[in-house]
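Structure first, commentary second.
The values are calculated or read from the model by the stated rules, or taken from the named source; none is laboratory data. All values reported here derive from a predicted model rather than from experimental measurement. Every residue, glycine as well, gets a Cβ built from its backbone with ideal geometry; the counts of neighbours run over all protein chains shown. Accessible surface is based on the protein model in full, side chains and every heavy atom, while ligands, DNA and RNA are left aside. Shrake-Rupley method; radii C 1.70, N 1.55, O 1.52, S 1.80 Å.
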Amino acid sequence: VPLDLLQFFSELIEQERETVDEHHELIFQVTGNTKGFWGDRGLLQQIFVNLMSNAIKYSPDGGAIKFHLIGKESQVVFSIQDQGIGIPIADQKNLFQSFSRASNVDTIPGTGLGLAISKACVDLHGGNITLYSQVGQGTKFIVSLPKRGTGKGEGRSS
Ligand code: ATP
Ligand code: MG
């Protein structure tokens, strides 16, 4: 059975809304046809939770956090955009490796594992993860996943 992504992410967003502080505004936007996606709930949730917790943690002054779900013909794309501290260009390419942290995190705690785990989940689904970021402006992570992946991560959604 394909996964109803609209419902799946709506529930996760509602869960986030209950815990997020008053300085952050969560925006949920959906475009296109998100139907026909086969994939693993656990992997998707890992990706979502890691990216969302980063977006909140690395925007200590608050701001909008926009989750955009886009359904295309043979893939789904989702992005999480914040208005936080951003990531220096020099640090960007290594961030998906375990224990890698950017040089501007100052006193914000973390182990450097969340993105490595997210990347592993995206790979299992045969997808792709990229980022756009500017220091002091914010960060956007973009995940694209094939609707019917060739990866090992699918098959448990029934
Ligand atoms: P944890 O393992 O608890 O998630 P972490 O948040 O430090 O620790 P990752 O989630 O892997 O580890 O992120 C790696 C690094 O990437 C972070 O330490 C931070 O420097 C940078 N980073 C990730 N997301 C953002 C973001 N939204 N804004 C700014 N920097 C980010
Ligand atoms: Mg993290």
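Applying the selection to region 121-135, what residues are in contact with a Leu (Cβ under 9 Å, 6 or more places away or on another chain) and within 14 Å of L44 (Cβ to Cβ)?
Across region 121-135, the qualifying residues are C121, V122, L124, H125, G126, G127, I129.
If you take the residues of region 76-100 that are over 20 Å from D61 (Cα atoms) and among the charged types (D, E, K, R), which of them is most open to solvent (accessible area, probe 1.4 Å)?
K93
For G138, only one of the following conditions fails: (1) more than 21 Å from L12 (Cα to Cα); (2) surrounded by fewer than 18 Cβ atoms within 10 Å (Cβ to Cβ). What is its number?
Result: G138 passes all but (2).
Could you list all residues from region 47-72 that are β-branched (V, I, T) and touching a strand residue (DSSP E or B) at 6+ places or on another chain (Cβ under 7 Å)?
I47, I56, I65, I70
Test G112 against the criterion of being in contact with a Lys or Arg (Cβ under 8 Å, 6 or more places away or on another chain), more than 9 Å from ligand 1 (Cβ to nearest atom), of a type outside the set (S, T, N, Q) and open to solvent by less than 30 Å² (accessible area, probe 1.4 Å), and give yes or no.
When the stated conditions are applied, G112 does not pass them.
Only residues that are near ligand 1 (Cβ under 10 Å from one of its atoms), outside any helix (DSSP H, G or I) and not β-branched (V, I, T): list them for region 115-152, please.
Scanning region 115-152 gives L131, S133, G138, K140, F141.
Quick check on E22: is it in a loop (DSSP other than H, G, I, E, B) and more than 17 Å from H125 (Cβ to Cβ)?
yes
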